[in-house]
Amino acid sequence: QVQLVESGGGYVQPGGSLRLSCVTSGNISTNYIMGWHRQAPGKERELVARITPGGATYYDVPVKGRFTISRDYAKNVMYLQMKSLEPEDTAVYFCNANSTITPEFRYWGQGTQVTVSS
């Protein structure tokens, strides 16, 4: 069974930093676009950042310049380094993987809570 497991969330004051990790298991291929999504209470889930198998990255405008997405293929781990965190960043963050060969093959983690507050 393919599984994605997030970790690294928690409480942090405005201006602080956190690093989220997503560990993959099962038969997931390196030919997947991976990314981070977040969902705040009462709001739609939104894409935060994504990275292609070739290393190309995309960031949503509110996090651009503050967040960095990366992937370690040898360790099967994807990271989201978050700096200069703001209260608006408070949400549950989800790890996602989508096949570039078979689009209907997509997987989600259970999520990790990030709370930015004084």
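The values are calculated or read from the model by the stated rules, or taken from the named source; none is laboratory data. Please read these numbers as outputs of a predicted model, since none were measured by experiment. Every residue, glycine among them, receives a Cβ derived from its backbone with ideal geometry; neighbour counts consider all protein chains shown. Just so you know, the surface numbers come from the protein's heavy atoms only, side chains and all, with ligands and any DNA or RNA stripped out. Shrake-Rupley method; radii C 1.70, N 1.55, O 1.52, S 1.80 Å.
Screening VAL61 against (1) over 20 Å from TYR11 (Cβ atoms); (2) hydrophobic (A, V, I, L, M, F, W, C); (3) surrounded by fewer than 18 Cβ atoms within 10 Å (Cβ to Cβ); (4) touching a residue at least 24 places away in the same chain (Cβ under 8 Å) leaves a single unmet condition, (4). The residue list ILE33, ILE69 contains one member that is at pLDDT 95 or above, out of contact with any helix residue (DSSP H, G or I) (no Cβ under 7 Å at 6 or more places or on another chain) and hydrophobic (A, V, I, L, M, F, W, C), which is ILE69. Residues in segment 15-58 that are part of a strand (DSSP E or B), β-branched (Val, Ile, Thr) and open to solvent by less than 40 Å² (accessible area, probe 1.4 Å): THR24, VAL48, ILE51. If you filter segment 81-118 down to residues that are open to solvent by 70 Å² or more (accessible area, probe 1.4 Å) and of a type in the set (Ser, Thr, Tyr), you find that the one that is farthest from the chain's Cα centre (by Cα) is SER118.
Annotation: of all residues in segment 64-80 being without any contact (Cβ under 8 Å) to a residue 60 or more places away in the chain and of a type in the set (A, V, I, L, M), the one that is most open to solvent (accessible area, probe 1.4 Å) is ALA74.
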